[in-house]
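Working notes, beginning with the structure itself.
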């Protein structure tokens, strides 16, 4: 009797799981979902802001925010663009690494390093509302 | 060095042209502002942000900026009557930073005066700075001009005395330009009363030049391009027809005219700052009169930094920005329009693409 109950319960759980699976439609989400996703993004923005204002990325105590308060003068909306000083088209993350290596005298980040994603998230957030303008110098 | 000699020849040449060009309006100036003043020049160096790493190591880049300004100011011909240092000698107000900065400044072969910056102040509230440089605010007379130096980077007592568990944290909170935990700068009532008494002894025809670290006008609060009691200080200056305020802090070229007061900012020797209009979320009141400096090229480490020499003909300021990787700029009071104007770029048709900040 006990074994039958367990089997029945398992069956119900599996069935429920299948139904929920069907119900979670790809293109359906709620305001609550959007809030959660925005909060996930903002948590990474906050990590980016913390890195931006700390000396952690360099070796001499210099922080990104010293020259770029509120990430101003980083122009994320213009990348990828021809970086005239380097003579080729680059992504913003290459300039982030340039700054980490030169004024901050630190080690460059891998392009998919969570710290790099956090820095990009913060820079983009401070630039929200500005229209895309790739290639602009 | 050759480049710099050329700049100085240009400066002397420009000064000559300026005098000739101003010949007619000059008589108006004399009528309006009393006796012609003795001509003299002084130099202004600001915002060195000397930053201690550890032991005897300091951030090389910022050191180089100040060393260069001092070396060049020592070569000036005509010899300036004095040098003003505009504040933020240190980055975090430590004894090491102030000592190292003072040692570099001591190589100046001219009488040197200093303004207090927030980076000098908020560790020990200016105590060690005072040992090196003297009082936080003062005035002096020189060849018919009354010079005033204010400490404009004070703030609310609650913020200064009660909010932070340690002096170091207080310093760090104020050191972040865009830190929302910071607090607006102000001159404060005590100093305003001192200024009122100081100016009461000065004839109204005397040209006044006031030095502060923060702008005594409200441009953008988010980065403290701002002085909370700016209007009250401006009111004290109102009875004087010829007033110039020269300030640091902003690490960029700014100039403005507010009633009788001509405002000029000075460059930093350490690093440039963006204009507030480059921050998409900022609501600012930047002077429309200002033709911005060129956008900084980070691949030239001294670009968009520099220092300035100032010609005090007629009690008005001709500000010559000596820019390290750009053509020098001259901003001078135009008696015809009664406002400071760039000698080359003021006309909108003369602007160049690097002056476009976004």
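Each residue, residue A:133 and residue A:36, gets one label point 7 Å from its Cα in the Cβ direction; the gap between the two is 3.8 nm.
For chain B, just say rounded, prolate or oblate: build the C-alpha gyration tensor, square-root its eigenvalues into a ≥ b ≥ c, call rounded for a/c under 1.5, and beyond that prolate if a/b exceeds b/c, oblate if not. Present the calculation step by step, with values, prior to reporting the outcome.
Values: a/c = 1.42, a/b = 1.23, b/c = 1.16.
In terms of gyration-tensor shape, rounded.
For the residues B:315, B:134, B:306, a GNM of chain B with alpha-carbon springs under 10 Å puts the largest fluctuation on B:134.
Distance from the alpha carbon centroid of segment B:219-297 to that of segment B:315-358 works out to 14 angstrom.
If R0 is 35 Å, what FRET efficiency do you get for residue B:337 and residue B:107 from their C-beta distance, rounded to 0.05? Walk me through the numbers before you get to the answer.
On the way: r = 40 Å, r/R0 = 1.13.
For residue B:337 and residue B:107, the calculated efficiency is 0.30.
Based only on other Cβ atoms within 10 Å, what is the fewest-to-most ordering of B:194, B:226? Please report the intermediate quantities before stating the final value.
Details: B:194 17, B:226 22.
Result, fewest neighbours first: B:194, B:226.
Exposure proxy ranking for A:52, B:164, based on other Cβ atoms within 10 angstrom of each Cβ and starting from the fewest, stands as B:164, A:52. For q = 0.20, 0.21 Å⁻¹, what log10 I(q)/I(0) does segment B:218-272 give under the Debye formula with an equal point scatterer on each alpha carbon and no solvent? Debye intensities relative to I(0), on a log10 scale: -0.76, -0.83. Each of B:75, B:236 has some number of other Cβ atoms within 10 Å of its Cβ, and from fewest to most they run B:75, B:236.
Here the simple spin-label model places points 7 Å from the Cα toward Cβ, and for residue B:196 and residue B:71 these points are separated by 4.9 nm.
What residues from segment B:211-243 fall in the zone where the backbone N is under 20 Å from a label point 7 Å along the Cα-to-C-beta line of residue B:203? Of the residues in segment B:211-243, B:237-243 have backbone N under 20 Å from the label point off residue B:203. Annotation: Cα Rg of segment A:31-126 relative to the compact-globule expectation 2.2 N^0.38 Å equals 1.12.
Roughly how many nanometres apart are two label points built 7 Å out from the Cα toward the Cβ at residue B:168 and residue B:125? Each label point lies 7 Å from its Cα, and together they span 2.0 nm. Equivalent ellipsoid of the protein assembly as shown: semi-axes from √(5λ) of the C-alpha gyration tensor, largest first, are 49, 25, 23 Å.
The distance separating the Cα centre of segment A:63-137 from that of segment A:28-60 comes to 16 Å. Over segment A:20-137, Cα pairs under 8 Å with separation of 6+ residues give a relative contact order of 33 percent.
Based on the reciprocal of the average 1/r between different C-alpha atoms, the Kirkwood radius for segment B:195-237 equals 11.6 Å.
Only the coordinates and a few stated rules stand behind these numbers; no lab work does. Please read these numbers as outputs of a predicted model, since none were measured by experiment. Reconstructed Cβ throughout: ideal geometry from the backbone, glycine too, with neighbour counts over all protein chains shown.
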